[in-house]
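Worksheet for the structure shown next.
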Amino acid sequence: MMKVTVYNCRSFDEKELFEQYGKELGIELILCPDAPDAENAALAKGSECIDIITSKMPADLLKVFADYGVKYITTRTIGYDHIDVKAAKELGMTVANAPYGPCGVADYAVMLILMTIRKMKRILERTNIQDYSLCGIQGRELKDLTVGVIGTGRIGKTVLKNLSGFGCKLLAYDLYESAEVKESGVPYVTLEEIWKNADVITLHAPLTDDNYHMIDQEAISRMKDGVMIVNTARGGLIDSEALIQGIESGKVGGAGLDVVENEFGLYYYDHKSDILNNRELAVLRGFPNVTVSHHMAFYTDDCVKTVVRDSLLGCKYFVEGRENPWEVA
Ligand code: NAI
């Protein structure tokens, strides 16, 4: 029976699904609750495939797995920038992802947009202490605003659809224009025009070498005063220090961040008694107009079921030498 070693397997939502799909697909599973490292890599001995989440997979760790005979790495995520794909290829390993439907993240992005324009963080903080005053919590209405959507792939397109009912003006930017988006009446504009015209900017592009810190001090200086920025894509798209300065100066009116720079090792663990070394996160979290969540826009019932099932199905296709729609490199 083929074997798959699963890392970061969560007992409260994934374990039962893994057991169910493992049985259905005829796969023996080794379920490890921890992130893959040089020590627990030995669990993958005898497994051609490993199944991971967002923990870093640098070249040296990949080599350890390759030496144990691992040939296929699937990540139960859409993004795969945490895996050194070039190194994996050089080691003869195949990399795959497990995309789930875009609706969970798209809903969440719209929620963060609404929370940001309606100052929801401040409102919640007040009701928690029975401060029912109104001063400082006046919001804005989407019908009066222009929303710039950067990245119009699966999630960006769904966000555009979701937002179309609110009566806001929509602008899109992508390296590749989608006919579907254009037919829906949303114009593609340059980044410069997004910076100049958008009251709200929402990010839905993957992090690549070319767009690292695409929102930096320079970009922020070109934006509208009071601009609100929502990031449910990847932390590295925004220079945190520039965002902090933008919030402090008032140039940026608010932000909703499901992702931040240097979140690896922090997210999905309970750190409440720990001293953390991510100062930018601490500062951003402290602002009353910045809502931070821990990279969980994806986290719905539908999503977890899909990634567990499809990551295992991809392993099966790989081992059986069948065409595998989830291979990314
Ligand atoms: P997708 O691949 O369907 O779409 C990405 C779009 O971004 C494509 O149209 C692509 O042409 C465009 N793009 C690439 N580079 C760009 C650039 N420099 N500027 C503008 N557009 C660019 O991906 P999908 O499914 O829509 O996901 C988007 C991103 O959302 C993922 O790459 C991932 O980083 C993030 N994500 C975050 C989650 C969360 O829980 N917060 C969950 C899932 C995805």
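Of Phe12, Phe298, Phe287, which has the largest mean-square fluctuation in a 10 Å C-alpha GNM of the chain? Looking only at Phe12, Phe298, Phe287, the largest GNM fluctuation is found for Phe12. Among the lysines of region 1-121, pairs that are 8 or more positions apart or on different chains and have alpha carbons within less than 27 Å of each other number 27.
Dipole magnitude of region 1-121 about its Cα centre, charges +1 at Lys/Arg Cβ and -1 at Asp/Glu Cβ only, in debye to the nearest 20?
Working: 14 positive and 17 negative charges, 96 e Å.
Dipole size: approximately 460 debye.
Nonpolar atom fraction for region 69-157, defined as the carbon and sulfur part of the 1.4 Å probe accessible area, stands at 55 percent. Counting only protein heavy atoms and a probe of 1.4 Å, the accessible surface of region 233-328 is 48% carbon and sulfur.
With a ≥ b ≥ c taken as the square roots of the eigenvalues of the C-alpha gyration tensor of region 249-310, please select rounded if a/c is under 1.5 and otherwise prolate if a/b is larger than b/c or oblate if it is not? Intermediate values should be presented prior to the final figure.
On the way: a/c = 2.96, a/b = 1.56, b/c = 1.89.
Oblate shape, in that a/c is at least 1.5 and b/c is the bigger or equal ratio.
Per residue, the chain reaches -10000 deg cm²/dmol at 222 nm when only DSSP H runs of four or more residues are counted, each adding -39500 (n - 2.57).
Here's the list of lysines a cross-link from Lys161 could span, going by alpha-carbon distance under 17 Å and ignoring same-chain residues fewer than 8 apart: Lys143, Lys169, Lys182.
Calculated translational diffusion coefficient of region 56-183 (10 °C, 1.306 mPa s; Stokes-Einstein with Kirkwood radius over alpha-carbon pairs) equals 87 µm²/s.
Multiply the residue separation of Glu16 and Ile137 by 0.36 nm, subtract the distance between their alpha-carbon atoms, and state the gained length in nm to one decimal.
On the way: separation 121, 0.36 × 121 = 43.56 nm, distance 4.36 nm.
Once the chain is fully extended between Glu16 and Ile137, it gains 39.2 nm.
Note that the chain, at 4 °C in a medium of 1.567 mPa s, gets a Stokes-Einstein diffusion coefficient of 61 µm²/s from its Kirkwood radius over C-alpha pairs. Taking N as the residue count of region 213-329, its C-alpha radius of gyration divided by 2.2 N^0.38 Å amounts to 1.37. For the residues Tyr269, Tyr317, Tyr188, a GNM of the chain with alpha-carbon springs under 10 Å puts the largest fluctuation on Tyr269. With Cα atoms as the point set, the radius of gyration and Dmax of region 49-129 evaluate to 19.2, 57 Å. Build a GNM of the chain with springs between Cα atoms under 10 Å apart, and of Ala87, Ala205, Ala172 the one that fluctuates most is Ala87. The Cα trace of region 179-221 gives Rg and Dmax of 12.1, 34 Å, the first to one decimal, the second as a whole number.
Considering all different alpha carbon pairs of region 201-259, the Kirkwood hydrodynamic radius works out to 11.2 Å. Here the chain is treated with +1 on each Lys and Arg Cβ and -1 on each Asp and Glu Cβ, and its dipole about the Cα centre works out to around 720 debye. Rounded to the nearest 10 degrees, the inclination of helix 301-319 to the longest alpha-carbon principal axis of the chain is 40 degrees. Solvent-accessible area per residue in region 108-251 equals 51 Å², computed with a 1.4 angstrom probe and all protein chains kept.
Would you please put 244-255, 101-112 in order of how densely packed they are, using the mean number of other Cβ atoms within 10 angstrom per residue and starting with the highest? Intermediate results must be reported in sequence, preceding the final value.
Numbers: 244-255: 18.8, 101-112: 21.2.
Output ranking for 244-255, 101-112: 101-112, 244-255.
The accessible-area ordering, largest first, of the residues Lys157, Lys272 stands as Lys272, Lys157, per a 1.4 angstrom probe.
First check a/c for region 1-107, with a ≥ b ≥ c the square roots of the eigenvalues of its C-alpha gyration tensor; if it is under 1.5, answer rounded, and if not, answer prolate when a/b is larger than b/c or oblate otherwise.
Here region 1-107 falls in the oblate category.
The values are calculated or read from the model by the stated rules, or taken from the named source; none is laboratory data. The structure presented is a predicted model; accordingly, all values stated were derived computationally and were not measured. Glycine gets a Cβ as well: all are built from the backbone with ideal geometry, and neighbour counts include every protein chain shown. Only protein heavy atoms, including side chains, enter the accessible area calculation; ligands, DNA and RNA are left aside. Shrake-Rupley method; radii C 1.70, N 1.55, O 1.52, S 1.80 Å.
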